[in-house]
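Everything below concerns the one structure shown next.
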Amino acid sequence: MTRPTIRIREAELDACLARLLDANDPAAARFVAAVLPADLRAPVARVDRQTRHVGSSGSIDLDVTLDNGVRLLCENKIDAAWSVTARGDAQPERYHRSSADLLARGVPALSVLVAPRVYIDGSRQTAKFDAAVPYETIADGLAGVEGDLIRAAILQAETPWEPVPDDRCAAFHAAYAELVAEEFPDLVLKSNPNGGATRPVGSRTIYFDAPRMLRDHDGVPRPRISVQSRDSGAGHPSAKFMIGGWAALADAARPPDTLTKIGAYLRPAGRSLGLVIDTPPLDVLAPFSPQREAARVGLAAIDRLRRWWNAEGAVLATWRIEAAGPHTRRIEADPARPASAEIGRRTTAPAVVTPRPAPRTSRVPSPPRRTAKASGLDGWTRGRKSEPRRLLRDGVEVAVVWRNENHTATNGAVWHVTVYGETLAERYRHIDDARAAAEAHVPTRGTRAAPHGIVKPRAKE
């Protein structure tokens, strides 16, 4: 089998394994036999996905219950690194704690690592699980789609992904970098993520090093910066500053006048708020020289946004409060925004964030949370079932939970959490779990120390 050209996600393997175990396929018998001695083996009674850990954030990939009551708490890995919570709980410790809690309550339980053999043999964390089941054991003799998928995942783990270099694309990016160095010394390109001069055909977006170009502003997350050679979603390529978690505010208040004066407008960019200036298209597979002027226009747009951010960007903190306020009405279409900006706009995100009291009950215990005050500047927002929920502190969004748009009956962990613009690795089955995780990552008011991995704006003096 040749290496798959598209990376297989662990969620796909979770669903595949759940189907095999639920059906008590012969592969399920091999799985159980790899974990338990003969006198404890039994058919699979049920399989739950993404159940919650005990005493920690995060979830169990596959929670397998056998007919005899034995519980197998399974962590599925293809080639991903081990995640660690903000308070320092690594995945193996979370599984150990959850299985120990069940044992203390009289439920026989084991923690199980399910992964390709190369992963099991190469990880020091394997010994922290009660058992390990190689993909190879499950896939032995397994035909059909499930067998092909598991074997492709084994190959993916054995052969790290490498980009297929394209000399035309590499030449374009090299010439682009020369233009930046010659004419735009205040702009800093990010290093090539592929290493050296290797550029695959799909390398169509140019990224800039925001920390080396921008000032920090209290209450405003640092944006990501890019110039696109093309943008099928928006209908026109652009130079963009993208502020994570602020997408819903694109139409909630008029953009600052100083921003529109430089030719920029606001629009959603995924789940980010884009500060956007439209630019000419570029073809990264064509010679650079005929496109030099078009590239110069895009770089000049980034430089205008950079100078605006460093001089005026602090105004976004007060703009954010206005946009999130309870009395803000949806504004009329921004005359500065071209019609192309309306193409491909998401309709699931609310245009105006109107904080309301948080729900009184939840499906799982969660920390006490403050409800939104009448001023609308503190607490969780509410909305329709598919809409994001936002946690405000003094009118500034500090966290957002949002739902996987590709939700199906088989991918139970559908809620994602973003705190101060950083998206957590864990996914959650219920919104209440996601909100509890968000609150756990938001520092107590008045403290300056942020949890590990989270960047916290400085507190107001």
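The values are calculated or read from the model by the stated rules, or taken from the named source; none is laboratory data. Nothing here was measured: the structure is a model prediction, and the numbers come from that model. All Cβ positions, even for glycine, are placed from backbone atoms using ideal geometry, and neighbour counts span all protein chains on display.
Filter the range 178-216 down to residues that are touching a Pro at 6+ places or on another chain (Cβ under 8 Å) and not in a loop (DSSP other than H, G, I, E, B) and give me whichever is nearest to GLY313 (Cα to Cα).
In this case the residue turns out to be ALA210.
Determine, yes or no, whether TYR176 is at pLDDT 90 or above and over 24 Å from the mean Cα position of the chain (by Cα).
yes
Since ALA90 meets every condition but one in (1) in contact with a helix residue (DSSP H, G or I) (Cβ under 8 Å, 6 or more places away or on another chain); (2) farther than 28 Å from VAL417 by Cα, which condition does it not meet?
ALA90 satisfies every listed condition except (2).
Checking the structure you have, find out if any residue of the range 245-260 is free of Cβ contacts under 8 Å to residues at least 40 places away in the same chain and either among the hydrophobic types (A, V, I, L, M, F, W, C) or closer than 29 Å to LEU391 by Cβ (or both).
No.
If we only count strands (runs of 3 or more DSSP E) wholly inside the range 32-96, which ones have 2 or more residues that are among the aliphatic types (A, V, I, L, M) and under 23 Å from the mean Cα position of the chain (by Cα)? First the steps, then the outcome.
Working: elements: 44-52, 59-66, 71-76.
Hits in the range 32-96: 59-66.
Can you tell me which residue in the range 18-75 is surrounded by the fewest Cβ atoms within 10 Å (Cβ to Cβ), limited to those that are hydroxyl-bearing (Ser, Thr, Tyr) and within 20 Å of PRO92 (Cβ to Cβ)?
Quick first cut of the range 18-75, residues hydroxyl-bearing (Ser, Thr, Tyr) only: 51, 56-57, 59, 65.
Next, from what is left, pick out any that are within 20 Å of PRO92 (Cβ to Cβ): 51, 56-57, 59.
Values: THR51: 17, SER56: 20, SER57: 23, SER59: 22.
Taking the candidates together, the pick is THR51.
Looking only at the range 49-107, which residues are β-branched (Val, Ile, Thr) and free of Cβ contacts under 8 Å to residues at least 24 places away in the same chain?
Correct list: THR65 only.
Take VAL133 and tell me if it is outside the structural domain of ALA425 (by TED's automatic domain parsing), at pLDDT 95 or above and more than 19 Å from LEU149 (Cβ to Cβ).
No; evaluated as a whole, the condition is false for this residue.
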